[in-house]
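Worksheet: the structure to be examined is printed underneath.
The values are calculated or read from the model by the stated rules, or taken from the named source; none is laboratory data. All of these numbers come straight from a predicted model, not from anything done at the bench. Positions of Cβ are backbone-derived with ideal geometry, glycine not excepted, and every protein chain shown enters the neighbour counts.
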Amino acid sequence: MTIAHAAPTTDGPVDGGRPAAVRLTGVSTGYGSRVALADVDLVIPAGSLLAVIGPNGAGKSTLLKTIAGLLKPFAGTVEVLGGPPVREAKRIAYVPQAELVDWAFPVTVGDVVMMGRVALIGIGRSPGAVDRDAVHAALETVGMLPMVDRQIGQLSGGQRRRVFLARAMAARPDLYLLDEPVTGVDVTTQEDLMAILEAESELGRTVIATTHDLASAARHFHQVAFINGRVVAFGPADLVMDPALLAATYGGHVIVLAAGEGAIIDDAHHHDQAPAGERHFHDEPH
């Protein structure tokens, strides 16, 4: 039985006339000589709020990095916002998993969010009023403006997630690529961040986020992509509770509760195999 609901890769508008924000055709990608994702055909309409789900090491982070242009595919083509990822880099905000950050680095909350403006400011130039206004607005949106001068390592996990979303928002992107943006945060923070992402989607911006929380994917997102070395399925978020798709994606690593909710029992603090030399900094206890 084929369980593939990947969107077609035809040219032109998709999904009710919306243009494609991301189009992958015959893409195989990975690290070194190891293929992490194979034969990916995927079209994501502009304005999508898409959850990417799958077990540990399934290629979820790899998918985001490939769309961002950080990984060059072994085969196939990647089109983002109407062109190659490198050409449209200023319109893309990529936020890696929190564990990739060195929290001891001596920068403030304001410094971190201003980093989202660097590509727009240009090398060797100082931030102007427009850049400061963008940082102020982003921090206000995520509720972190009072902590603008706080060193980033002094924040809680949930506060850090808010700051890194603010950094992405300060860039005023058309495409958000977020790796586990709400994993391990309290319910209030999760609801706040998802409300912000939904608002961005309603404004026509495209949000693609990996998540281990199936219940959150079903409740908050509009579409879902099932990933396990390939695209197992793609479609509306209510597919998250389809037992056949869950079995095809997770095997024995997911529990479907009688009430219809799902819970992943894999360790949520993970990442796909990284390139040689990439360091990972894990949260220190507070």
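Could you check residue 233 against (1) among the small types (Gly, Ala, Ser); (2) touching a Leu at 6+ places or on another chain (Cβ under 6 Å); (3) more than 27 Å from residue 70 (Cα to Cα) and say which number it fails?
In the conditions (1) among the small types (Gly, Ala, Ser); (2) touching a Leu at 6+ places or on another chain (Cβ under 6 Å); (3) more than 27 Å from residue 70 (Cα to Cα), residue 233 misses (3) alone.
Could you check the range 75-91 and list, in sequence order, the residues that are touching a strand residue (DSSP E or B) at 6+ places or on another chain (Cβ under 6 Å) and surrounded by fewer than 16 Cβ atoms within 10 Å (Cβ to Cβ)?
Hits for the range 75-91 are 75, 77.
Across the range 144-164, which residue is farthest from residue 186 (Cα to Cα) among those that are in contact with a helix residue (DSSP H, G or I) (Cβ under 6 Å, 6 or more places away or on another chain) and of a type in the set (A, V, I, L, M)? First the steps, then the outcome.
First, pick out the residues of the range 144-164 that are in contact with a helix residue (DSSP H, G or I) (Cβ under 6 Å, 6 or more places away or on another chain): 144-145, 147-148, 150, 152, 158, 162-163.
Next, only the ones that are of a type in the set (A, V, I, L, M) stay: 144-145, 147-148, 152, 163.
Working: 144: 16, 145: 19, 147: 19, 148: 21, 152: 19, 163: 15 Å.
Selected residue: 148.
When the residues of the range 177-218 are filtered to those that are part of a loop (DSSP other than H, G, I, E, B) and either polar (S, T, N, Q) or surrounded by fewer than 19 Cβ atoms within 10 Å (Cβ to Cβ) (or both), which remaining residue is modelled with the lowest pLDDT? Can you show your working first?
We begin by selecting, within the range 177-218, every residue part of a loop (DSSP other than H, G, I, E, B); these are 180-186, 203-205, 211-213.
Add one more test, that the residue is either polar (S, T, N, Q) or surrounded by fewer than 19 Cβ atoms within 10 Å (Cβ to Cβ) (or both), and what stays is 183-184, 186, 203-204, 211.
Numbers: 183: 81, 184: 78, 186: 88, 203: 95, 204: 94, 211: 92.
Of everything passing the filter in the range 177-218, 184 is modelled with the lowest pLDDT.
Could you check the range 129-160 and list, in sequence order, the residues that are in contact with a Ser or Thr (Cβ under 9 Å, 6 or more places away or on another chain) and outside any loop (DSSP other than H, G, I, E, B)?
Result: 147, 151, 152, 157, 158, 159.
Could you list, in sequence order, all residues of the range 110-165 that are of a type in the set (A, V, I, L, M), touching a Pro at 6+ places or on another chain (Cβ under 7 Å) and closer than 22 Å to residue 209 by Cβ?
Step one: list which residues in the range 110-165 are of a type in the set (A, V, I, L, M), which gives 112-115, 118-121, 123, 129-130, 134-135, 137-139, 142, 144-145, 147-148, 152, 155, 163, 165.
Cutting the leftovers down to touching a Pro at 6+ places or on another chain (Cβ under 7 Å) gives us 114, 121, 165.
Within the range 110-165, just 165 meets the criteria.
Please state which one of 57, 82, 32 is at pLDDT below 95, under 21 Å from residue 181 (Cβ atoms) and more than 15 Å from the chain's Cα centre (by Cα). Quick ask: steps written out before the conclusion?
Values: 82 fails: under 21 Å from residue 181 (Cβ atoms); 32 fails: under 21 Å from residue 181 (Cβ atoms).
57 is the lone residue from the list that is at pLDDT below 95, under 21 Å from residue 181 (Cβ atoms) and more than 15 Å from the chain's Cα centre (by Cα).
Just name the residue that is modelled with the lowest pLDDT out of those in the range 97-109 that are of a type outside the set (Phe, Trp, Tyr) and either more than 28 Å from residue 212 (Cβ to Cβ) or more than 18 Å from the chain's Cα centre (by Cα) (or both). Lay out the reasoning, then the answer.
Initially, the range 97-109 is screened for residues of a type outside the set (Phe, Trp, Tyr), giving 97-102, 104, 106-109.
Going one step further and asking which of them are either more than 28 Å from residue 212 (Cβ to Cβ) or more than 18 Å from the chain's Cα centre (by Cα) (or both), we end up with 102, 104, 106-109.
Working: 102: 69, 104: 73, 106: 84, 107: 88, 108: 93, 109: 94.
Out of the qualifying residues, it is 102.
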